[in-house]
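The values are calculated or read from the model by the stated rules, or taken from the named source; none is laboratory data. Computed from a predicted structure; not experimentally measured. Glycine also receives a Cβ, built like all others from the backbone with ideal geometry; neighbour counts cover every protein chain displayed.
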Amino acid sequence: MDYQRLLQGILDIGEAMLMSGAENFRIDDSLYRICKSYGFVKYDVFVIPSNIQITVETPDGEILTQIRHIESTDTNFDRLDYLNNLCRYVCQNKPDDKELREKYLEVMRRPQQKPYTKYFAAVMGGTGFAVFFGCNFADAIVAVIVSLMIVIVGGWLSRREENLMIYNLILSFLSEVIIIESVRMGLGSHPERIMIGIVMLLETIITTVISLIAGIAAGILGSKLALLLLLRLLHIPAVLGFYVSLKGIVICMVMFGGIFLLILFLNLAKIRLNRPVELLHGNNTGEKEPKAKWLMALIGFVCLGIGYYLAITTESPISAISIFLLAVILVMAGTYLLFTAGSIVILKFLRRRKKFYYKTGNFISISGMLYRMKQNAVGLASICILSTGVLLMISMTVSIYFGMNDIMVNRYPYDTDLSITSVSEEECQTAIDAFEKAISDNAVPVDKKAEEIYLTIISHFDNGQIQIAEPNTLRDSASVLTLSLVRQSEYEKLTGTDPALQDGKILAWASNIFEKSDSLTVNDSVFSVKKWLDNSPLTCGRDIVYRNAVFVVTDSDFEKFDKMRTEMYKNTSATPAGQDLTVHLGLDITGSDETKIAYGTPVLDAIKALQDNGQLSDNSWITSGIRAQEYDSYYADNGSLLFIGIFLGSLFLLGTAMIIYYKQISEGYEDQNRFEIMQKVGLSHREVKSSIRRQILMVFFLPLLMAMLHISMAFPLIRRMLLLFGMTNTKLFIGCTAGTVLIFAMVYGLIYIMTAKSYYHIVERK
């Protein structure tokens, strides 16, 4: 196959599409697909309105580049439709260069659409827009004339003027001249609507183009910085390179193009429903004084109170997940209701306090806020919700990331840590023997080790009583109790202390959930507590999600507990009595992380070999890990989580700043005349600044203070949710939250300073 001619044929298709009015991204995508279908190793397509460049690497390793200059473009949707069909045919059938040329010439030799077809389409389009704007029959005739002019003159001008801005400027000028002259001669009666529509269309187009160009450029640069940050958080070496995702650019253009079209149609609908003179004088109408809606304010307080109550009183980390969404909905509803209704109630209350209200600064700020609160309330509530989202996301993700050591220690109490569950006493001893042999054979530099055998029973704790129940009956996660039982002989081996227990007497430890009474009831059996232990005799088995308790019992009572568990679990696929033990093996190794991994690996392999060799029961399972080795997976999981938190937090912060800044600037222009009048009647510059400061302080810092209140109330709920991630360091979470709030407040204050300065310069009379 002649790849040079093939590449030439592909360029012919691209040139014809561009000259027929196809978008650059459509041409880019079509040519990419064609190059891919022909099996080129590498291919790069660059399309601009005046140039197409394609560089490919053939299967033989030859690099080919061809450039095609486009002198002029037009609009021919009929030909473009056939060219699109040709692209699909080429991708499916992969014709050779000769067949490709023939198919291309078939499309190009098709007879052109008749001129009257274009004219008819222009007439229908112009008439349709005229009707949409509410114009009469005479206006529709003017629209028809303008549309025909654009088609005829535009076709002639496109072949002589390549500058798109000049092209649009000339057509816009001619359109306005025709509209004005037609109305002057009595042919049209609503020139303003036609002009407004044209202005809005041009404004939207210009805004769209500028926003897309600037946004895509900033996005390309920002994506590289975000990628470097992500790789840093994941502890992955960063390889510097630059790549532009054409697919991402296309998706961005399509999405934002749709948004701008929606904005355009909404604005056009406003023009359709309002007279232009009303739009010109819209700023002078002012806001009516809102009514104090006590019922809505009360509902807002109730929603907020219920949300706070749920956040404070939820004890179980499992329940916290489901409660969190409900609490968020209630707090959001309460926030919006309080800002929309409660703020009006508070402002009217302040207005009734004559001594406070009839002060220059207070009078201006409160009266201004009162009459504007109807439109300000939703914005302030949105700022509050966004600020809360920023603080929550960043504080949680930062806490999880920097709480890495605590989380890893909770998961793996020892450098090399493993637990074997659902085994018998003999299998436990087999595992211990293999553990000791592996340490000896590999000459492991042992710093500390643990060998613990215990029985775990999931039970229910309520009103001072423990009930061993079937797993499917434990509906309330807040009452779930993880009960670990240790034989007194095992306790003596672990601690070197003889408990000297008799049947019915126990040593007990619990995680701040029991009243330290002299006896405990388990099912129908009563056990006397000989002593409450200050610390758990086990170094593992601590469930950070549920409540925990450890009982040291006699051999006879141990068997009694095991039989109770078996009896309660009889309807489930439970392990028989005596075969549901857990053996925990832990090993701290002296040396660096590499040393700990090197010595810990053969020890784990030796234990896992027991299961592979059938020396452990089929129901048993092993949970193991080398702490130093697990850090990489931790960074992969939580580093990405932190990145998402930072990204979304930054996005929310940007949204908050934009809402606040542009809201105050727009209101500054609205207040300009009001403050000018006040200065004319004697209001000093100092009083103007003081009034502005009060007003902006209310607008700015009320959402921030509300967001801080939300964070403080949500703290207990978030702390319990973090337990699911293994995060138990409450002090770290407090520090991260306080630091996040402080940094956010500093950024918030910076925005305030900028806004207050700009607002003052707008309203101040020079």
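P49 satisfies every condition listed in (1) surrounded by 13 or more Cβ atoms within 10 Å (Cβ to Cβ); (2) within 23 Å of V254 (Cβ to Cβ) except (1). Considering the range 293-329, the residues that are surrounded by fewer than 18 Cβ atoms within 10 Å (Cβ to Cβ) and farther than 30 Å from Y546 by Cβ include one that is modelled with the lowest pLDDT, namely K293. Taking the condition surrounded by 12 or more Cβ atoms within 10 Å (Cβ to Cβ) and over 28 Å from G248 (Cα atoms), does D12 pass? Here the answer is no, as D12 does not meet what is asked. Going residue by residue through the range 605-615, is there one that turns out to be assigned to a helix (DSSP H, G or I) and of a type in the set (G, A, S)? The answer is yes; a qualifying residue exists.
Among the residues of the range 408-428, just one is surrounded by 21 or more Cβ atoms within 10 Å (Cβ to Cβ) and closer than 28 Å to I734 by Cβ, namely Y412.
The residue that is surrounded by the fewest Cβ atoms within 10 Å (Cβ to Cβ), counting only those in the range 635-662 that are modelled with pLDDT of 70 or more and not hydrophobic (A, V, I, L, M, F, W, C), is Y662.
The residues in the range 53-107 that are outside any strand (DSSP E or B) and either of a type in the set (F, W, Y) or closer than 17 Å to D29 by Cβ (or both) can be counted, and the count is 15.
Out of G368, G334, G389, one residue alone is assigned to a helix (DSSP H, G or I), modelled with pLDDT under 75, under 23 Å from P703 (Cβ atoms) and in the same structural domain as T730 (by TED's automatic domain parsing). It is G368. Restricting the range 524-552 to residues that are β-branched (V, I, T) and modelled with pLDDT under 80, which is nearest to E490 (Cα to Cα)? Within the range 524-552, the match that is nearest to E490 (Cα to Cα) is I544.
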